[in-house]
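Report on the structure given below.
Every read-out reported here was derived from the displayed coordinates using simple, explicitly stated rules and does not represent laboratory data. Bear in mind the structure is a predicted one, so any value in this text is a computation, not a measurement. Here the Cβ positions follow ideal geometry from the backbone for every residue, glycine too, while neighbour counts run over all protein chains shown.
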Amino acid sequence: MLLEKIEQVNDIKKIEKSDWNALAQEIRDFLIQKISVTGGHLGANLGAVELTMALHLALNLPEDKIIWDVGHQSYTHKLLTGRKDGFDNLRQFHGMSGFPKRKESNCDPFDTGHSSTSISAGLGLVKARDLLGENRVIVSVIGDGSLTGGMAYEALNNAAELETNFIIVLNDNNMSISQNVGGMSKYLNNIRTASGYLDLKEGIYNALMGTRGGTGVVAKIRRAKSSFKQLVIPGMLYEDMGITYLGPVDGHDIPGMVRVIGDARRVKGPVLVHVLTQKGKGYAPAERHPARFHGAEPFDIATGLPSHPRTVANYTDVFSTVMCKLGARDEKVVAITAAMPDGTGLKRFRNMYPDRFFDVGIAEEHAVTFAAGLAAGGLKPIVAIYSSFLQRAYDQILHDVCLQNLPVIFAIDRAGLVGSDGETHQGIFDFSYLSCIPNMHICAPKNKWELSDMLKFALRLSAPIAIRYPRGEAYAGLKEFRAPIELGRAEWIYRESEIALFAVGSMVKTAEGVRQKLKELGYQVSLVNARFVKPIDEEAVLGACEDHDLIVSLEENVMSGGFGEKVLDCLERNFKKNLYLNISLPDAYVEHGNVEQLKKELGIDADGIVASVLECLKRGEAKN
């Protein structure tokens, strides 16, 4: 097997040119086999196999640098840099990450996980290279989806001022260019990037600029050249910005891409190489259903169907159902997502109410301010975004929504620990980054019925509110406890004495297990569904102090700025001397792994919490 010869970086250069396509097929077969077992980002990686091979053939890693936007298409890059064995534990606890990681390899120059960042990071590396007098090639690879993010255009605008080489590869898997335009573009690329042409152009411009009236002549030449290029080059947007455009090129033609990357290296300035690829290439189910295989769960290779299909609704499913019902009841309800109608559960709403559904692309900042405008115009916008992505729109939440106290509802999916995608995707900061904003309200449901009730309550509130719910199966327990939602009011589930557990959202289910274990040890334990993180129910907290020795707060959020700190503040302001225990996540980035395994490791599973409670009681007794 050719893949067996790839043991470390640059080993691909030992593969004969005649074997490149065979190696590409082996890589695809390997990825399909491994990801079918572990799960992972399949479609994007299958589409980028030849592109990655060409970059590794044309560059000299690790001296040269490749920055992958998002990084979910970097699996082939990992294979070609000697990490083949890591795929057996891909995205598993203490295993290889599904994204580029500097700590994994010196061939990963920048950690990524969110979109639209690669050009900014690459430009920074270019400037560092130039200031340090180094001679290395910097390449930023960005997808057409990521290019919808405003940050990418900010970086392009800044990069246009460069006078040294910077290569931007646009991996476009959703654009069709006619053969004639492509052929003319290829012809022009060959002329414009030939060494003789580049040297002649620079020589003529320099000579003219040194003569009287030369500046005007140069300007006329450039205008004339641009007028012609407007007719035949599809990348004039970039050319007009000052960025040389090469392409489009076939992203599955390895020799062709090696040539164009070589051409791009000779450009003294920023250059964008437009590469056309097919997402999911080489695996029919992924080609037919690219969205499903973007982030795939383990699947059967023969059919492409999940190995363990879901039989129970998850929170996203519940949100999807409730949104359709709300849309039917109120024509002012509108939905906004940032390129994730499937992931956030809004696909059904889009199909039923297309005029009231807005997918703004990977542009969370715009999504939030757009929602603010909709609210100011009299509509009822619900913005569905993952927790780790919503933080990208922090200024817009603060300045455009909350400052004006506009009734925008934030449906925060994937809140808390999300597992396999790791540090960049864990939704463990939203309580903290939202709760310090005036006018913001924050709540979290204990089960699937409470998610429905909270959405209905949010529509009545007429103020900014965030509802955060976790990834995975929607909890169906505690159905009999369904007190009406009131702003800032907690819900007593079980009221006893000694120990009071104040749990938020997903931690209510965990707290049930904690309570049962403590009762088996002989303790009297109350369980409170906190419901609101802002405002918290201070009356319930202070009431619990009257007949409980220990107050425990439980949340799936970092400690700093979270629910527990608000409970502690309430206790201290009211001079309460009860024992207090804050169960939360450490102020740290949590790596990838199975959620239940991560909870155990971090001490927020039932057994870990019980141990912490017993230790707290022991310390309290010793103190007394």
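Couple of notes before you dig in:
- Karplus-derived 3J(HN,Hα) values for region 522-536, using 6.51 cos²θ - 1.76 cosθ + 1.60 with θ = phi - 60°, are x, 8, 8, 9, 9, 10, 10, 7, 4, 6, 10, 9, 8, x, 7 Hz; glycine and proline are entered as x.
- For region 1-140, pairs of C-alpha atoms spaced more than 19 angstrom apart make up 49 percent of the total.
- For the chain, size of Cβ-based charge dipole, Lys and Arg +1, Asp and Glu -1, in debye: 1460
- Net charge of Cβ neighbours under 9 Å - reference Met151; Lys, Arg +1; Asp, Glu -1: -1
- Placed amide H near Lys380: partners under 5 Å, 5+ positions off or other chain: Val333, Val334
- Residue-wise HN-Hα coupling along region 130-144, computed from phi with Karplus coefficients 6.51, -1.76, 1.60 (Hz; x: Gly, Pro): 5, 5, 8, x, 8, 10, 9, 9, 10, 10, 9, 9, 10, x, 5
- For peptides 381-389, 532-540, sequence by mean Cβ density within 10 Å, most packed first: 381-389, 532-540
- Helix 20-38 axis, angle to the chain major axis (alpha carbon atoms, nearest 10°): 0
- Using alpha-carbon coordinates, inclination of helix 254-265 to the longest axis of the chain, degrees: 80
- Distance between modelled label sites at Leu461 and Ala483, nm, 7 Å Cα→Cβ extension: 1.8
- Mean Cβ count within 10 Å, highest first, over the residues of peptides 483-494, 424-435: 424-435, 483-494
- If a spin label sat at a point 7 angstrom from the Cα of Leu614 along the line to its beta carbon, the backbone N atoms of region 502-528 nearer than 15 Å would be those of 514-524.
- Leading residue at positive end of dipole, the chain (Cβ point charges), from Leu272, Thr117, Ser146: Leu272
- Residue-count net charge about Ala313 - beta-carbon cut-off 11 Å; Lys, Arg +1, Asp, Glu -1: 0
- Cα-based convex hull, the chain, per residue volume (Å³, whole number): 191
- Label positions at Asp317 and His399, each projected 7 Å from the Cα along the C-beta direction, are separated by 4.1 nm.
- All aspartates and glutamates inside 18 Å of Lys456 as judged from Cα atoms, apart from same-chain residues fewer than 8 positions distant: Asp317, Asp330, Glu331, Asp413, Glu486, Glu491
- Dipole-positive endmost among Ala415, Gly608, Pro248 within the chain (Cβ charges, Cα centre): Pro248
- Dipole-positive endmost among Met454, Ala444, Phe370 within region 346-491 (Cβ charges, Cα centre): Met454
- Cα pair distances exceeding 21 angstrom across region 491-623, given as percent: 36
- Each residue of region 488-493 is assigned a 3J(HN,Hα), and the resulting list reads x, 10, 7, 10, 6, 8 Hz, derived from the Karplus form 6.51 cos²θ - 1.76 cosθ + 1.60 (θ = phi - 60°), x at Gly and Pro.
- Per-residue ellipticity at 222 nm from helix content only, as computed over the chain with -39500 (n - 2.57) for each DSSP H run of at least four residues, stands at -12000 deg cm²/dmol.
- DSSP beta bridges in the chain [antiparallel fraction, %, rounded to 5]: 15
- Under-5 Å amide H pairs with Tyr245, H placed in peptide plane, nonlocal only: Leu272
- Antiparallel beta bridges, as assigned by DSSP with both residues in region 491-623, represent about 15 percent of the total such bridges.
- Reciprocal mean inverse distance between Cα atoms of region 315-468 - Kirkwood radius, Å: 15.1
- Local electrostatic count, Gln426, Cβ distance below 11 Å [Lys/Arg +1, Asp/Glu -1]: -3
- Student exercise, region 315-468 dipole from Lys, Arg, Asp, Glu Cβ charges, in Debye to nearest 20: 580
- Cα-based Lys proximity count in region 1-129, under 18 Å, for pairs eight or more positions apart or on separate chains: 20
- Measure of compaction for region 47-90 (Cα Rg per 2.2 N^0.38 Å): 1.14
- Fully extended contour minus Cα-Cα distance, from Ala588 to Glu473, at 0.36 nm per residue: 38.8 nm
- A protection proxy built from the mean count of other Cβ atoms within 10 Å ranks the segments 328-339, 117-128, most packed first, as 117-128, 328-339.
- Rounded to the nearest 10 degrees, the inclination of helix 179-192 to the longest alpha-carbon principal axis of the chain is 70 degrees.
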